[in-house]
């Protein structure tokens, strides 16, 4: 399995993003920390979850550097296709910006799509189409979104100078990044993930760095806990998981990572668990194609449900609540990343509902994180 995180691919069916309906957040959030006009709610009694760093008080910080703060709830999206005309790109972005700005999330995750066909011989359920550069989309098209931004970058096709320039652009925008390696060893690579980390260390350490965490890889081959700590040694400050439908696999990985940190007397890194609504059997097949583990019993429940989308949301929330309680019992800083990667209005609305329900699990109110 490669470094893909989540179901970072728009499913080209259903209604357009521009038909999404805004859902405004409520009130009564408990705010514990504020910075540069942005406030972040963290629940009392739960482990403090911090993604990135807050260094606004550092006297060594230059005027170019942006203090970067975010909490334990993020919202993940994919950029529109590169083939979209500019007017459609802007219309789509305007609808997304209005929706995201109203959500009680601490950060926006913008994925960088890559073709993962080299990872498997199974035919791809949906065609791969190139998307807008996620940095351009995050900071140009979605400039009105007030939340902090985490931008993915697939590094296997990058040159050294190209990646260094991209990271410096991101630094100037004040964003964080998750660097992602090739989906398989068979894919031709210009740059390995370890080399990309070296470029980050040499050229852009002021950009908060995150990594992907894949429970399925741990279940199949083991060693994901060791791999995560090697990434920490390379500068990763937080991790975002692949979409979670197998609680057991995720709990196994969290447990192994926790006890390895205990044995090595290291702090447990922040982990954001990704939840992704599934609105059709074809989307379910695509998740499996991406390597997401869906247990047979759960697949049966989804396929035979009266409403597969509603069932997937309920199952995902139950999974996160179980993982959150497990993490809280050990002081593991666990947050959540809710994906919205479909064009279907029903699935967009479901992702919004998931965000509000996850916020309640985290013990926070419904006020916008950026209010």
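The values are calculated or read from the model by the stated rules, or taken from the named source; none is laboratory data. Note that the coordinates shown come from a computational prediction; the quantities given were computed from them, not determined experimentally. Note that each Cβ is placed from the backbone with ideal geometry, even for glycine, and that neighbours are counted across all protein chains shown.
Quick notes
- Any chance residue 309 is touching a residue at least 40 places away in the same chain (Cβ under 8 Å) and either surrounded by 23 or more Cβ atoms within 10 Å (Cβ to Cβ) or more than 18 Å from the chain's Cα centre (by Cα) (or both): yes
Table: residues versus (1) at pLDDT 95 or above; (2) buried (at least 16 other Cβ atoms within 10 Å of the Cβ); (3) part of a loop (DSSP other than H, G, I, E, B).
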| residue | (1), (2), (3) |
| --- | --- |
| 90 | yes, no, no |
| 94 | yes, no, no |
| 97 | yes, yes, no |
| 122 | no, no, yes |
| 125 | no, yes, yes |
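- Residue pairs meeting the criteria (Cβ under 7 Å; at least 6 apart or on separate chains; first within 21 Å of residue 271 (Cβ to Cβ), in the stretch 175-189; second part of a strand (DSSP E or B) and at pLDDT below 65): 176/68
- Filtered residues of the stretch 256-298 (kept if assigned to a helix (DSSP H, G or I), touching a helix residue (DSSP H, G or I) at 6+ places or on another chain (Cβ under 8 Å) and at pLDDT 90 or above): 256, 257, 258, 260, 261
- Taken together, the residues in the stretch 202-230 that are more than 17 Å from the chain's Cα centre (by Cα) and part of a helix (DSSP H, G or I) amount to 13.
- Filter result for the condition that a residue is more than 19 Å from the chain's Cα centre (by Cα), within 30 Å of residue 144 (Cα to Cα) and in a helix (DSSP H, G or I), over 350, 346: 346
- For the stretch 179-192, filtering for residues that are crowded, with 22+ Cβ neighbours inside 10 Å and either farther than 25 Å from residue 76 by Cβ or at pLDDT 95 or above (or both) leaves 1.
- Whether a residue is out of contact with any strand residue (DSSP E or B) (no Cβ under 6 Å at 6 or more places or on another chain) and either modelled with pLDDT under 95 or buried (at least 23 other Cβ atoms within 10 Å of the Cβ) (or both) was assessed, and residue 357 does not pass this test.
- Of the candidates 138, 143, the single residue that is modelled with pLDDT of 95 or more, buried (at least 21 other Cβ atoms within 10 Å of the Cβ) and over 30 Å from residue 328 (Cβ atoms) is 138.
- Any chance residue 196 is at pLDDT 95 or above, surrounded by fewer than 20 Cβ atoms within 10 Å (Cβ to Cβ), within 20 Å of residue 111 (Cα to Cα) and more than 17 Å from the chain's Cα centre (by Cα): no
- Test: residue in the stretch 168-178 that is touching a strand residue (DSSP E or B) at 6+ places or on another chain (Cβ under 7 Å), within 30 Å of residue 282 (Cβ to Cβ), crowded, with 16+ Cβ neighbours inside 10 Å and modelled with pLDDT of 85 or more: yes
- Members of the stretch 137-167 that are assigned to a helix (DSSP H, G or I) and in contact with a strand residue (DSSP E or B) (Cβ under 8 Å, 6 or more places away or on another chain): 137, 138, 139, 163, 166, 167
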